[in-house]
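What follows is a short report on a single structure.
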Amino acid sequence: MRPAPTSDHRPEQANLWVPVQDMVKACPPPAELPRPTWLLDTPVRLMIKNHRPFYGSPLKLVSTGERIEAGCHDGELVTRDYYVAEAADKSCYWIYRERPSAKTEEVRWFLHGLFG
């Protein structure tokens with residue numbers, strides 16, 4: 001397999017892996033903020049402790065937010081705010097907060113990527 005990034009704002013669509021023999025032209029994603037080296041196949045829901053996302057320790061947001069709202073044209077709408085977060089041991093993670101909707105005001109955080 002080889003990486004074949006595509007021009008899509010949704011990380012799970014932009015970070016594609018294809019067989020080496022496939023002739024897919026790579027097109028870098030339109031991002032100016034840092035993106036992680038490893039993207040999880042399925043985001044992991046994070047616990048909330050003292051109003052902060054928690055993954056082994058409280059996570060501190062160390063970047064500005066990157067709002068991603070895309071996918072309405074193919075029925076896979078995502079509305080997320082992504083951040084680089086740092087744990088107590090200085091590990092860095094790429095996390096997102098789902099945008100509240102009319103259905104719920106619950107704040108849900110997810111781990112989506114790991115920085116090397």
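Dipole of segment 33-114, Cα-centred, from +1 at each Lys and Arg C-beta and -1 at each Asp and Glu C-beta, to the nearest 20 debye?
Here the size comes out at about 300 debye.
Size descriptors for segment 33-114 (Cα atoms only): Rg and Dmax, in that order, 12.8, 41 Å. Residues whose amide H comes within less than 5 Å of that of VAL18, counting only those at least five positions distant or on another chain, are ARG2, ALA4 (H built at 1.01 Å from N in the peptide plane). R0 = 30 Å: FRET efficiency of ARG99 with THR37, Cβ-based, nearest 0.05? Approximately 0.70, to the nearest 0.05.
Please find the FRET efficiency linking VAL107 to VAL18, where r is the Cβ-Cβ separation and R0 is fixed at 41 Å, and quote it to the nearest 0.05. Write down the numbers at each step before the final one.
Numbers: r = 36 Å, r/R0 = 0.87.
Rounded to the nearest 0.05, the efficiency is 0.70.
Report, by chain and number, residues whose modeled amide H sits under 5 Å from the one on ARG108, excluding near sequence neighbours (fewer than 5 apart, same chain). Amide H neighbours of ARG108: GLU98.
Note: relative contact order over segment 33-114, using C-alpha pairs below 8 Å and six or more positions apart, is 33 percent.
Close amide-amide hydrogen proximity is noted between ALA70 and VAL78, each under 5 Å apart and 5 or more residues distant or on a separate chain (H modeled in the peptide plane; Pro and chain starts excluded). Label positions at MET1 and ASP81, each projected 7 Å from the Cα along the C-beta direction, are separated by 3.2 nm. In this simple spin-label approximation, HIS51 and SER91 carry label points 7 Å from Cα along the Cα→Cβ vector, and these lie 2.6 nm apart.
Over all other residues within a Cβ to Cβ distance under 10 Å of PHE115, the charged ones net out to 0, with Lys and Arg as +1 and Asp and Glu as -1. Scoring 51-64, 80-93 by mean Cβ neighbours within 10 Å over their residues and listing the highest first yields 80-93, 51-64.
No value in this document is a laboratory result; all are computed from the given coordinates. Remember, predicted model here, so these are calculated numbers, not experimental data. Quick reminder, even Gly has a Cβ in these numbers, built from the backbone with ideal geometry, and neighbours come from all protein chains shown.
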